[in-house]
1. Write out the cysteines belonging to the chain for which the nearest other cysteine Cβ is not under 4.7 Å, or none if no such cysteine exists.
2. Over the Cα atoms, compute the radius of gyration (one decimal) and Dmax (the largest Cα-Cα distance, rounded to a whole number) for the chain, in Å.
3. For the chain, with a Gaussian network of springs between Cα atoms less than 10 Å apart, report the residue from T225, T109, T24 with the top mean-square fluctuation.
4. Report Rg(Cα)/(2.2 N^0.38 Å) for region 268-349, keeping two decimals.
5. Give me the distance between the Cα centres of region 167-203 and region 380-408, rounded to whole Å.
6. So how tilted is helix 142-163 from the main axis of the chain? Cα-based, degrees 0 to 90, rounded to 10.
7. Stick to Cα atoms and the Kirkwood definition of Rh, then tell me Rg/Rh for region 44-114.
8. Cα axis of helix 320-331 to longest principal axis of the chain: angle in degrees, 0 to 90, nearest 10?
Amino acid sequence: MTPVETRLPNPVRPAFTAGERDDTVIVNIGPSHPCTHGTVQIIAELDGERVLRTDIHCGYLHRGFEKECESHTWHNLIPYVDRLNYVSALINDFTYCEAVETLMGIEITPRCRYLRTLLSEYSRLVDHLTCVAAGLMELGAMTAFLYLVMVRDFMYEHLAALTGARVTYSYGRIGGLARDLPDGWLVRLEEILKQYEEFIGRVHGLVDRNRIFIDRMRDVGTISTKDAISYGYTGVILRATGAARDLRRDTPYLAYAELDFDVPVGIKGDNYDRYFVRMREMDESVYMMRQLMEMLPAGPINVDDRRCVLPEKELVYTEIESLINHFKLVMDGPKPPAGEAYAAHESPNGELGFYVVSDGSGVPWKVHCRAPSYVHMGGAHKMLDGYQLADIVPTFGSINMIGGECDR
C-alpha cells in the first residue's frame, strides 16, 4: 500500500464500484456537455440506452463565496450575493439584506417593501422564462425558445434601466434600495407584460399538446412527494409532486400577505409537471406585479438610519458630521450588533436562505447560504435513474441547477 492508502480509512476508489454485471458501460456526461453548465459531472452506468444508476458531482467554480464574505464589509458583499443565482439576482439581494436588517432591528419603509416584492416577482418571471426556454431549446423547440428569450431580453433591458447593470444588479441595500424608479418605468413594465402574455400564448399553442414534447416529458424524471421532502427539496420540484409548499404564502414576508395569488401544483412530479408549474407561476407573478403596481405607495425607499444608509450628497458636502458618517460607512461598513439571524425567501428554485453571524464588527463572522440548487443536486439521481440516456438532458434542465449557488 502507498502511504496515502494506509492513512485513509476508506482508500480512494472510483465513483462506482464494480457492478454485478459485466455487460454495462460507465460514461461521463459533462462537465463539457452544454447542459451541465461547465461544472456538473454525471457518471452514468448504462445498459444499452437505459440509465441504471448515476453519480452526480456539482463541481466547483472556485470562488469560495462563504469564506470570501469574512473579508469584506456587510455592504460590500452585495455584489458577491448577486452572483450566486445570476438569473434572478435581485431575490438574492433582498434575502441577504433582510438577514442583516433583522440583525440590526431595521424595518424597511413601505415603498421599499412593495418595490422589493414587485422586483422579486419580476426576477421570478425572468428566471422561469430562462429555464423553460433553455429546456425547450434542448428538445429542439427553437421557435418557442426564441419567443421566450425575446421577451426575457426586453425584461433584462428594462431592469438595466432601473439598476444601471445587466443580470448582476447589486441593487439591494441594507435598509433600502440603491435608487427609486425612473420616470416612465412602470408604463414600460405594463407594455412588457402585455408582450409577455402575447408570446407565452404562442408557446402554449406550440408546446402544450405537442406529441413529441409530451412523449419526452410526461412520466419521465418522476420523483415522489416523499422522496422530494426527504432530500430537502423545495420550490417547483416539490410543488410539481403535489405538495403546495410556498414560503410566500406559508410564512409571508415583504408584502406577500397583502396579495391575492394561487400556488400551482403538479400531480406526478415528472418533467411535464415541472414545466406546467413554471408556466403557471409566471402567470401568477404577472398577476401579483399588476396588483403591486396599483398598491405602490409614495415615500422614501431608504430608512432614516445612519448606521447603514449613506447621507444625502448635499449634506456630505456641507456638514462635517455627514461627511464623517459617509466615510465611516464606506471604509468600515455597517456594524450590526453581535448575534445571528436567518432570512429565507421563495426564490424561483425554492427556499433561498441566508444565515448570518455578527461579532459586532463591520465584517461578518459567518455568512452561510442555503442555496436550493445545491440541495437539489443531492437527490437529482432519483430523477435520472431508470430512464433513457436521452432523458438526462431534459430532466436535468427541469431541475434548473444554477452553478453559482452550488459553489462554496
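1. Lacking a cysteine Cβ partner under 4.7 Å: C35, C69, C97, C112, C131, C308, C369.
2. Considering the chain through its Cα atoms, Rg and Dmax are 23.0, 81 Å.
3. Result: T24 has the largest fluctuation of those listed.
4. So the Cα radius of gyration is 1.82 times the expected 2.2 N^0.38 Å.
5. Between the Cα centres of region 167-203 and region 380-408 lies a distance of 30 Å.
6. The two axes meet at around 20 degrees.
7. 1.24
8. 10
A short reminder: the numbers here are calculations on the coordinates, not readings from a lab. Owing to the predicted nature of the structure, the values given are computational and were not obtained by experimental measurement. Please note: Cβ atoms are built from the backbone with ideal geometry, for glycine as well, and neighbour counts cover all protein chains shown.
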